[in-house]
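Structure first, then comments.
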Amino acid sequence: MEVVAARAFISRGTLARVEKGDPAVSFGIYASVMQALGLIGPLSGLLADDQAGNDLEIERLPKRVRTKKVAGAYTAADDARSTEQTDQER
């Protein structure tokens, strides 16, 4: 019991809660215990080829991003205007 808890990076008390099926224990803890027992491979391998998940993430991306003009922000157009005013004053 102590070895499995150490390999899963959890306490023995949490491992006891997992063994009892406590629903308050997070899914990540269950996955860590399964990995420590050799029931599943590395967790990163579960998500490596998730094409459906990738497609859903792409759908959530904004189609067009517009930047907001910040009040008082200096732009090249402002520089051109100030140069024109200076030239006219001469």
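If you go through region 1-20 one residue at a time, how many are of a type outside the set (Lys, Arg), open to solvent by 70 Å² or more (accessible area, probe 1.4 Å) and under 29 Å from the mean Cα position of the chain (by Cα)?
The total comes to 1.
Which pairs do you get when a residue that is in contact (Cβ under 8 Å) with a residue 24 or more places away in the chain and hydroxyl-bearing (Ser, Thr, Tyr), found in region 19-33, comes within reach of a residue that is open to solvent by less than 60 Å² (accessible area, probe 1.4 Å) and not in a helix (DSSP H, G or I), reach meaning Cβ atoms under 6 angstrom, with the pair 6+ apart or on two chains?
Pairs found: Ser32/Ala8.
Identify the residue in region 41-54 that is surrounded by 10 or more Cβ atoms within 10 Å (Cβ to Cβ) and farther than 30 Å from Val4 by Cα and, among all such residues, is modelled with the highest pLDDT.
Asn54
Residues in region 18-40: is at least one in a helix (DSSP H, G or I), of a type in the set (Lys, Arg) and modelled with pLDDT of 90 or more?
Yes, some residue in region 18-40 is in a helix (DSSP H, G or I), of a type in the set (Lys, Arg) and modelled with pLDDT of 90 or more.
The values are calculated or read from the model by the stated rules, or taken from the named source; none is laboratory data. Model, not experiment: these values are computed from the prediction. Using ideal geometry, Cβ is built from the backbone for each residue, glycine included, and neighbour counts are taken over all protein chains shown. Accessible surface areas use protein heavy atoms only, side chains included; no ligands, DNA or RNA. Shrake-Rupley method; radii C 1.70, N 1.55, O 1.52, S 1.80 Å.
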